[in-house]
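The values are calculated or read from the model by the stated rules, or taken from the named source; none is laboratory data. Everything numeric in this text was worked out from a predicted model, so none of it was measured. No Cβ is skipped: glycine too gets one built from the backbone with ideal geometry, and neighbour counts run over all protein chains shown.
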Amino acid sequence: MNQGYLHPCYAESFLGFGEPRGLESSGGWILERAIPGAAARDAMGLYPLFCCRDWTALRRDLELEGARWVSLALVADPFGEYDRRLLERTFDIVQPYKEHFVADTSVPLEAFVSSSHRSNARRALRKVEVEVCEEPARFMDDWVALFDVLARRHDIHGLRAFSRAAFERQLRVPGLVMFRAVHGGRTVGLDLWYVQDDVAQGHLVAFNDEGYALSASYATKWTLLNYFAGRVRWVNFGGLPGSADPSTGLGHFKRGWSNTTRKAYFCGSIFDHQAYERLAGSVPQTSFFPAYRAGEN
């Protein structure tokens with residue numbers, strides 16, 4: 001079974017940032033972390049999405065495990081089998097977070113992929129070949145080099161700045177599909193996706209300078225949509241970072257491949273209110289949750 005973000009290997013890729021803990025009833029994973037400057041611990045969902053098999057059982061897991069933590073924060077998988085009322089019965093805080101751009105592959109691609117994206121893809125595919133990698137781990141060196149370009153371009157650090165050891169685990173997760181953009185026999189881009197049931201989740205994508213110049217991203221996206229059509233119902237291109245304008249740049253790019261959206265919710269709970277107030281009392285007023293980690297954001 002393709003498990004993607006639900007697989008233990010994916011959870012273990014966060015070992016450098018805390019202790020992954022499986023939730024027995026719901027089948028999800030969280031990351032338990034030490035709180036800097038305190039003896040207490042808290043928990044967060046795995047990046048970028050918290051997924052689980054049984055959302056109705058999650059409250060029971062949190063009632064059992066929550067005594068270990070000051071608080072918990074996570075972003076709920078927009079394809080999880082829940083509604084907002086269930087989330088509100090499970091968590092103290094439930095807030096709309098991001099709209100994810102999604103392709104419903106039951107609709108013919110030509111009916112919704114924008115004409116400009118299709119034209120750009122045709123031009124890119126004249127210069128770039130795209131292949132599905134049967135053994136993703138073979139391209140570990142290429143991936144690490146490409147991700148370094150991505151991290152420098154976008155100042156990626158902290159939890160999202162995965163190490164080579166983390167990627168060695170992630171590339172072994174069942175359900176990973178890697179698309180390789182090639183020019184002149186060289187890898188110029190890699191596009192990584194996790195298949196979970198009837199959804200392909202966009203995980204990470206990176207190109208080098210040559211790949212950007214060749215518009216290789218159009219080639220990989222058109223190829224992967226054709227690959228996933230007939231294999232999964234939904235292709236999740238994800239949301240936008242921060243306050244990005246959805247009508248330009250990355251928003252325009254993702255919208256051009258999509259025909260619907262799904263809302264992701266930010267969820268949080270406080271389990272030890274006294275400890276939370278004590279920790280949060282030393283930081284400026286903030287809307288970030290948990291407040292005592294606002295300086296890490």
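Wholly within the stretch 173-259, which helices (runs of 4 or more DSSP H) include no fewer than the required count, namely at least 1 residues that are closer than 19 Å to Thr105 by Cβ and under 16 Å from the mean Cα position of the chain (by Cα)?
249-255
Name the residue that is nearest to Asp61 (Cα to Cα), counting only residues in the stretch 79-114 that are among the aromatic types (Phe, Trp, Tyr) and either part of a strand (DSSP E or B) or without any contact (Cβ under 8 Å) to a residue 60 or more places away in the chain (or both). The qualifying residue nearest to Asp61 (Cα to Cα) is Tyr82. Summed over the stretch 281-292, the residues that are surrounded by 13 or more Cβ atoms within 10 Å (Cβ to Cβ) and either touching a residue at least 24 places away in the same chain (Cβ under 8 Å) or not in a helix (DSSP H, G or I) (or both) give a count of 6. Residues in the stretch 121-167 that are in contact (Cβ under 8 Å) with a residue 40 or more places away in the chain, out of contact with any strand residue (DSSP E or B) (no Cβ under 8 Å at 6 or more places or on another chain), within 20 Å of His7 (Cα to Cα) and not polar (S, T, N, Q): Leu159, Arg160, Phe162, Ala165, Ala166, Phe167. Name the residue that is surrounded by the fewest Cβ atoms within 10 Å (Cβ to Cβ), counting only residues in the stretch 149-187 that are touching a Ser or Thr at 6+ places or on another chain (Cβ under 7 Å) and basic (Lys, Arg). Out of the qualifying residues, it is Arg169. Of everything in the stretch 12-37, what is closer than 17 Å to Gly66 by Cβ and in a loop (DSSP other than H, G, I, E, B)? Give them in sequence order. Correct list: Gly18, Leu23, Glu24, Ser25, Ser26, Gly28, Ile35.
Put simply, of Ala161, Ala145 the only residue that is among the small types (Gly, Ala, Ser) and at pLDDT 95 or above is Ala145.
For every residue, the table says whether it meets (1) in contact with a Cys (Cβ under 9 Å, 6 or more places away or on another chain); (2) assigned by TED's automatic domain parsing to the domain that holds Ala11; (3) under 15 Å from Val130 (Cβ atoms).
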site: Phe179; (1), (2), (3): yes, no, yes
site: Leu190; (1), (2), (3): yes, no, yes
site: His203; (1), (2), (3): no, no, no
site: Thr220; (1), (2), (3): no, no, yes
site: Asn236; (1), (2), (3): no, no, no
site: Leu240; (1), (2), (3): no, no, no
site: Leu250; (1), (2), (3): no, no, no
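Name every residue in the stretch 16-44 that is within 19 Å of the chain's Cα centre (by Cα) and in contact (Cβ under 8 Å) with a residue 60 or more places away in the chain, in order of residue number. Those that are within 19 Å of the chain's Cα centre (by Cα) and in contact (Cβ under 8 Å) with a residue 60 or more places away in the chain: Gly16, Phe17.
Can you go through Leu86, Leu72, Leu58 and tell me which one is more than 30 Å from Val283 (Cα to Cα), of a type in the set (A, V, I, L, M), outside the structural domain of Trp193 (by TED's automatic domain parsing) and surrounded by 19 or more Cβ atoms within 10 Å (Cβ to Cβ)?
Among Leu86, Leu72, Leu58, only Leu58 is more than 30 Å from Val283 (Cα to Cα), of a type in the set (A, V, I, L, M), outside the structural domain of Trp193 (by TED's automatic domain parsing) and surrounded by 19 or more Cβ atoms within 10 Å (Cβ to Cβ).
Scan the stretch 6-44 for residues that are small (Gly, Ala, Ser) and within 18 Å of Asp272 (Cα to Cα) and jot them down. Ala34, Gly37, Ala38, Ala39, Ala40, Ala43 - these are the residues of the stretch 6-44 that are small (Gly, Ala, Ser) and within 18 Å of Asp272 (Cα to Cα). Hey, among the residues in the stretch 254-280 that are out of contact with any strand residue (DSSP E or B) (no Cβ under 8 Å at 6 or more places or on another chain) and crowded, with 19+ Cβ neighbours inside 10 Å, which one's nearest to Ala291 (Cα to Cα)? Per the criteria, the residue is Ala280.
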